[in-house]
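The values are calculated or read from the model by the stated rules, or taken from the named source; none is laboratory data. Quick caveat: nothing in here was measured; it's all calculated off a predicted structure. Heads up, the Cβs are rebuilt from the backbone with ideal geometry, glycines too, and the neighbour counts pull from every protein chain shown.
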Ligand code: HT7
Ligand code: ZN
């Protein structure tokens with residue numbers, strides 16, 4: 001496959017002044033007529049006239065009304081064009097019903113819908129399908145369906161025909177069309193300048209009862225973007241559509257967001273607290289793209305982090321404001337370590353702004369999204385809140401209507417602050433997670449911290465250079481008082497010293513407060529027990545608990561040690577400390593995951609044994625249950641919500657803590673309390689939590705059957721039923737459970753949500769996936785081989801399960817490599833999957 005390089009960027013030779021599209025819908029033979037007005041682009045080098053087009057049957061083409069016969073290949077068409085402005089017209093036929101890749105125009109449960117990012121528009125018609133070509137679109141849809149939607153504002157709607165006009169120039173990846181038998185959950189929003197915006201959430205009949213939360217989240221997002229970023233909505237209508245078959249979470253098409261139904265539909269009976277929070281965040285994310293992505297888009301796909309990193313950062317600020325800032329920060333760090341660190345430290349490592357790719361769909365990664373957001377957070381920390389706000393407003397003013405670059409983004413910060421951001425830019429261009437070691441020196445009332453940074457070389461960045469690292473530090477005295485409030489140290493050298501003087505006693509250093517940089521901190525002189533008891537920064541206090549847990553678990557794994565009593569005492573104190581909110585206490589009680597522990601061992605040059613890791617965590621939980629004794633039941637009762645269910649931060653925090661207590665109680669009561677909770681819960685959070693405990697206690701069969709009976713017609717709830725059985729299986733059984741579930745009549749493997757519920761969960765079941773027999777690897781490979789010809793995008797994403805293969809013992813490495821090679825040897829394997837596995841194989 002061909003590699004595309006950032007350094008090869010050239011502008012398209014023509015501007016598109018206007019596009020008219022006419023769709024005549026039919027499941028297997030949709031006709032698309034296009035009329036595109038082109039004018040020469042004086043800023044571009046001379047080039048042949050080439051339009052992207054894939055899987056299209058060309059019926060006819062014309063230039064300025066004259067029939068032409070272009071050169072057509074599998075990638076697009078080329079033809080001779082006039083030197084001045086001209087109109088290109090074409091008619092093509094496409095097959096939405098046969099489109100299983102869910103890219104372009106496809107069908108889901110009888111409904112037509114589109115997914116054009118990144119390069120799906122070329123499967124709809126011939127077009128310069130690149131983000132720097134922005135145009136005004138007019139769309140006519142003819143089809144025998146009650147709801148016919150596209151971007152922008154409606155021009156006319158009649159039975160079987162609708163016309164749409166989108167006044168805002170946009171790249172083709174933001175085009176959308178939806179047609180189906182849908183019902184609208186309506187709403188409205190008045191912008192701060194008085195524009196009345198009609199809002200609709202379109203769903204399949206039967207899902208009307210799951211719309212209210214999403215609608216409120218949309219209104220909250222619209223208001224927040226006005227209040228915090230001074231961004232207003234710019235059309236008379238904002239539509240969201242829920243679709244069951246979707247490759248990712250949601251898509252920010254202009255004025256017509258399309259959502260995976262799992263990312264928008266919610267009700268207390270069918271959705272967990274985590275579902276509600278995720279839905280609120282995704283609705284906000286897609287809405288915020290209206291400015292960071294749509295009004296200002298990306299010049300090319302290498303700049304993906306320009307819109308995604310910034311929009312993730314904005315949605316994290318929103319969630320922090322709507323809920324709890326510390327809880328959001330800690331949750332984000334847990335997620336970053338689980339998904340981005342392994343990527344950055346393995347064969348898939350790439351910079352936040354990659355400089356090459358074969359298949360752009362493979363670069364919608366945790367590095368581009370989540371590390372991209374961390375980079376913006378650091379920039380804000382370094383320049384301060386006020387300068388950040390000024391720079392961002394300058395970015396909006398200067399680049400509205402542009403297809404911009406990371407250079408444009410950094411320039412507004414340089415101009416606003418007078419700073420030189422050349423070194424900071426390495427965060428965008430260098431792969432890898434910096435490791436920051438800190439050594440302490442205490443003399444004459446001065447604490448000197450010596451920091452050393454290093455980043456492991458990778459294929460993407462063979463010679464990494466020192467980065468600018470903001471390190472937030474505070475100092476805690478031996479009596480627990482904070483003697484130095486947070487100070488942000490700006491590290492720029494490979495090794496650098498910072499002194500804190502005038503101290504009466506040697507303090508305990510609290511380093512990397514609020515996780516001020518996405519690095520791995522190595523601080524051998526740390527005193528986590530003291531920080532767990534006294535730190536004022538919620539993140540470093542949580543991190544102290546995590547450090548103690550990690551130390552105990554590593555000692556258990558390496559030396560067969562017993563779980564650390566000091567850790568158990570500390571965590572018991574925190575859990576019973578009513579001055580802390582329940583959500584924070586629940587987070588504090590979480591131990592590092594099995595995969596994270598495997599990563600830590602691998603970093604130290606040790607070979608992780610998945611079964612030993614699993615056993616250590618089991619021992620830790622048993623010891624914790626013993627340490628809590630009757631306090632678990634007391635805390636469970638104390639945190640049982642008696643008011644009507646609400647998915648807010650306060651109630652979900654209580655349910656989270658009660659859930660942790662239930663898991664401890666289950667070890668002592670064999671599932672009695674869990675059964676009672678399962679029988680009486682009126683919400684999915686508690687039902688599912690109880691069901692999980694019952695499975696663990698080995699008495700889940702009846703509850704699983706009752707659950708299936710109750711929810712067999714609800715697709716999203718059944719995804720949970722499928723996933724939970726794999727997640728809670730014993731290591732020896734996980735692959736067998738997954739395999740058994742594939743024989744269930746409701747295992748529709750072509751639906752990405754269902755496929756992920758079984759196989760995404762298996763890949764995350766560390767001890768089950770890495771079972772010594774290799775059956776987890778083989779089963780996943782079988783199904784990836786089966787899915788690839790139908791849906792390369794979802795297949796390729798799931799190949800990342802193999803990205804850590806080199807961490808493990810030679811036998812497991814051999815087993816995994818065999819499966820990687822077997823998939824790679826599959827005739828006709830997609831470009832997506834080939835690229836992923838070739839990179840993983842190294
Ligand atoms: N910008 C979108 C990314 C995306 C996508 C979404 C759904 C299906 C396929 C997709 N390919 C790329 C989603 C977002 O980041 O908001
Ligand atoms: Zn996004």
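Read through the list (1) more than 29 Å from residue 401 (Cβ to Cβ); (2) within 13 Å of ligand 1 (Cβ to nearest atom), then give the number of the only condition that residue 266 fails.
If we test residue 266 against (1) more than 29 Å from residue 401 (Cβ to Cβ); (2) within 13 Å of ligand 1 (Cβ to nearest atom), just (2) comes out false.
Return the residues of segment 255-290 that are away from ligand 2 (no atom under 12 Å from the Cβ) and part of a loop (DSSP other than H, G, I, E, B); say none if nothing qualifies.
255, 264, 265, 266, 267, 268, 269, 270, 271, 272, listed by residue number.
Return the only residue of 611, 633 being out of contact with any strand residue (DSSP E or B) (no Cβ under 8 Å at 6 or more places or on another chain) and in contact (Cβ under 8 Å) with a residue 60 or more places away in the chain.
On the way: 633 fails: in contact (Cβ under 8 Å) with a residue 60 or more places away in the chain.
Answer to the selection: 611.
Taking helices (runs of 4 or more DSSP H) that do not extend beyond segment 580-669, which have at least 1 residues that are under 30 Å from residue 803 (Cα atoms) and at pLDDT 95 or above? Let's see the steps before the verdict.
Details: elements: 582-588, 594-603, 610-628, 631-638, 649-669.
So the answer is 582-588, 594-603, 610-628.
Looking at (1) touching a helix residue (DSSP H, G or I) at 6+ places or on another chain (Cβ under 6 Å); (2) crowded, with 23+ Cβ neighbours inside 10 Å, can you tell me which one residue 755 breaks?
Of (1) touching a helix residue (DSSP H, G or I) at 6+ places or on another chain (Cβ under 6 Å); (2) crowded, with 23+ Cβ neighbours inside 10 Å, only one is false for residue 755: (1).
Only one of 293, 309 is more than 13 Å from the chain's Cα centre (by Cα), within 11 Å of ligand 1 (Cβ to nearest atom) and within 24 Å of residue 410 (Cβ to Cβ); which?
Values: 309 fails: more than 13 Å from the chain's Cα centre (by Cα).
Sole residue among the options that is more than 13 Å from the chain's Cα centre (by Cα), within 11 Å of ligand 1 (Cβ to nearest atom) and within 24 Å of residue 410 (Cβ to Cβ): 293.
Return yes or no: is residue 819 under 19 Å from residue 601 (Cβ atoms) and assigned to a helix (DSSP H, G or I)?
Working: under 19 Å from residue 601 (Cβ atoms): no; assigned to a helix (DSSP H, G or I): yes.
For residue 819, the condition - under 19 Å from residue 601 (Cβ atoms) and assigned to a helix (DSSP H, G or I) - is not met.
Within segment 291-315, track down each residue that is more than 10 Å from ligand 2 (Cβ to nearest atom), under 17 Å from residue 396 (Cβ atoms) and either in a loop (DSSP other than H, G, I, E, B) or at pLDDT below 95 (or both).
Once the filter is applied, which keeps residues that are more than 10 Å from ligand 2 (Cβ to nearest atom), under 17 Å from residue 396 (Cβ atoms) and either in a loop (DSSP other than H, G, I, E, B) or at pLDDT below 95 (or both), segment 291-315 yields 291, 294, 295, 299.
Residues to consider are 340, 390; find the one that is within 16 Å of ligand 2 (Cβ to nearest atom), part of a helix (DSSP H, G or I) and outside the structural domain of residue 134 (by TED's automatic domain parsing). Don't jump to the end; show me each part of the working.
Values: 390 fails: within 16 Å of ligand 2 (Cβ to nearest atom).
Unique residue meeting the criteria: 340.
Please return the ranges of strands (runs of 3 or more DSSP E) entirely within segment 77-164 where 2 or more residues are within 26 Å of residue 307 (Cβ to Cβ).
Working: elements: 86-94, 104-108, 111-115, 135-142, 147-150, 153-158.
Per the criteria, 104-108, 111-115, 135-142, 147-150.
Select from segment 230-246 the residues that are touching a strand residue (DSSP E or B) at 6+ places or on another chain (Cβ under 7 Å), within 16 Å of ligand 2 (Cβ to nearest atom) and part of a loop (DSSP other than H, G, I, E, B) and list them in ascending order.
Step one: list which residues in segment 230-246 are touching a strand residue (DSSP E or B) at 6+ places or on another chain (Cβ under 7 Å), which gives 233-246.
After this cut, where a residue has to be within 16 Å of ligand 2 (Cβ to nearest atom) as well, the list is 240, 246.
Scanning segment 230-246 gives a single hit, 246.
Restricting the first residue to segment 277-299 and requiring it to be closer than 23 Å to residue 323 by Cα, which pairs with a second residue that is assigned to a loop (DSSP other than H, G, I, E, B) and within 13 Å of ligand 2 (Cβ to nearest atom) meet a Cβ separation below 6 Å and a spacing of at least six or different chains?
Close Cβ pairs (under 6 Å, with a partner that is assigned to a loop (DSSP other than H, G, I, E, B) and within 13 Å of ligand 2 (Cβ to nearest atom)) amount to 282/249; 286/252; 289/252.
Can you confirm whether segment 54-69 contains a residue that is surrounded by 13 or more Cβ atoms within 10 Å (Cβ to Cβ) and in contact with a helix residue (DSSP H, G or I) (Cβ under 6 Å, 6 or more places away or on another chain)?
Yes, segment 54-69 has at least one match.
Would you mention how many residues in segment 713-763 are closer than 21 Å to residue 243 by Cβ and not in a helix (DSSP H, G or I)?
Total meeting the criteria: 8.
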